[in-house]
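Notes to accompany the following structure.
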Amino acid sequence: DTAVSQTPKYLVTQMGNDKSIKCEQNLGHDTMYWYKQDSKKFLKIMFSYNNKELIINETVPNRFSPKSPDKAHLNLHINSLELGDSAVYFCASSQDRKWRNSPLHFGNGTRLTVT
Amino acid sequence: KQEVTQIPAALSVPEGENLVLNCSFTDSAIYNLQWFRQDPGKGLTSLLLIQSSQREQTSGRLNASLDKSSGRSTLYIAASQPGDSATYLCADGLTFGKGTHLIIQP
């Protein structure tokens, strides 16, 4: 009964391809996030959705498009993959959209390798 | 824009020692201060969350403190164990530090 689950765990693909990463949370949380962790282990927020509404959109190339079909799911689609997209992508959720009072819960990450 | 810094980047101590991990932030108007643990190949596990109005939180052998005036938070780990080996990250809201890689030597 994993709280935040991501699929796939590993994704190896070639430059120029389009790929998707899926995320689901069964915590009943209202807010979900995508983070990117680069090779230096630095975690950076990419997107956040609250009840299917986009509330955070950091400076991310428009090749990245999040989609939230319902508040329990937040998927990440990446077009025209580039070598620099190689990283670990983490999905997270929290009860509070202002993240003031509620902790972030993370999935185990998806390691994307672009060759 | 908030910046979160963690020093040192890596720390190795013998088992049984008490230790302190440091986290500093540039903007004292923080949302909250959260400490996480990350094991290799895994996601982040929330350890403690200190709300902006609080000074500290405790859970078992862990104690986290928050001093907004000085822009600092510390994570105190008592009686360290090899199982505590991991990378520890602090975050203000959604902004993360780069973490401290902790190794507890048996």
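For this structure, a couple of remarks:
- Among the residues making up the range B:69-106, those that are aliphatic (A, V, I, L, M) and out of contact with any helix residue (DSSP H, G or I) (no Cβ under 7 Å at 6 or more places or on another chain) are B:LEU75, B:ALA78, B:ALA79, B:ALA86, B:LEU89, B:ALA91, B:LEU94, B:ILE103.
- A:ASP96 being more than 26 Å from B:PRO40 (Cβ to Cβ), in contact (Cβ under 8 Å) with a residue 60 or more places away in the chain and open to solvent by 10 Å² or more (accessible area, probe 1.4 Å): yes
- Listed by first and then second residue, the pairs linking a residue in the range B:8-29 that is without any contact (Cβ under 8 Å) to a residue 60 or more places away in the chain to a residue that is not in a strand (DSSP E or B), with Cβ atoms under 7 Å apart and 6 or more places separating them unless they lie on different chains, are B:SER24/B:GLY71; B:THR26/B:GLN2; B:THR26/B:GLU3; B:THR26/B:GLY71; B:SER28/B:LYS68; B:SER28/B:SER69; B:SER28/B:GLY71.
- Any pair with Cβ under 7 angstrom, 6 or more apart, that starts in the range B:84-98 at a residue that is more than 9 Å from chain A (Cβ to nearest Cβ) and ends at one that is part of a loop (DSSP other than H, G, I, E, B) and among the small types (Gly, Ala, Ser): B:TYR88/B:GLY99; B:CYS90/B:GLY97
- Members of the range A:29-59 that are without any contact (Cβ under 8 Å) to a residue 12 or more places away in the chain and open to solvent by less than 80 Å² (accessible area, probe 1.4 Å): A:PHE42
- The lone exception for B:SER53 - which of (1) closer than 17 Å to B:PHE96 by Cβ; (2) out of contact with any strand residue (DSSP E or B) (no Cβ under 6 Å at 6 or more places or on another chain) it fails: (1)
- The single condition among (1) in a strand (DSSP E or B); (2) open to solvent by 80 Å² or more (accessible area, probe 1.4 Å); (3) within 14 Å of B:GLY43 (Cα to Cα) that A:VAL12 does not satisfy is (3).
Residues are listed down the side, and each one gets a yes or a no for (1) open to solvent by 10 Å² or more (accessible area, probe 1.4 Å); (2) assigned to a loop (DSSP other than H, G, I, E, B):
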{"site": "B:ARG37", "(1), (2)": "yes, no"}
{"site": "B:GLY41", "(1), (2)": "yes, yes"}
{"site": "B:THR45", "(1), (2)": "yes, no"}
{"site": "B:THR58", "(1), (2)": "yes, no"}
{"site": "B:LEU66", "(1), (2)": "no, no"}
{"site": "B:SER80", "(1), (2)": "no, yes"}
{"site": "B:LEU89", "(1), (2)": "no, no"}
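The values are calculated or read from the model by the stated rules, or taken from the named source; none is laboratory data. Since the model is a prediction, treat every value here as computed from it, not as a measurement. Neighbour counts run over all protein chains shown; Cβ positions are idealised from the backbone, glycine included. These accessible areas exclude ligands, DNA and RNA; they are computed on the full protein's heavy atoms, side chains included. Shrake-Rupley method; radii C 1.70, N 1.55, O 1.52, S 1.80 Å.
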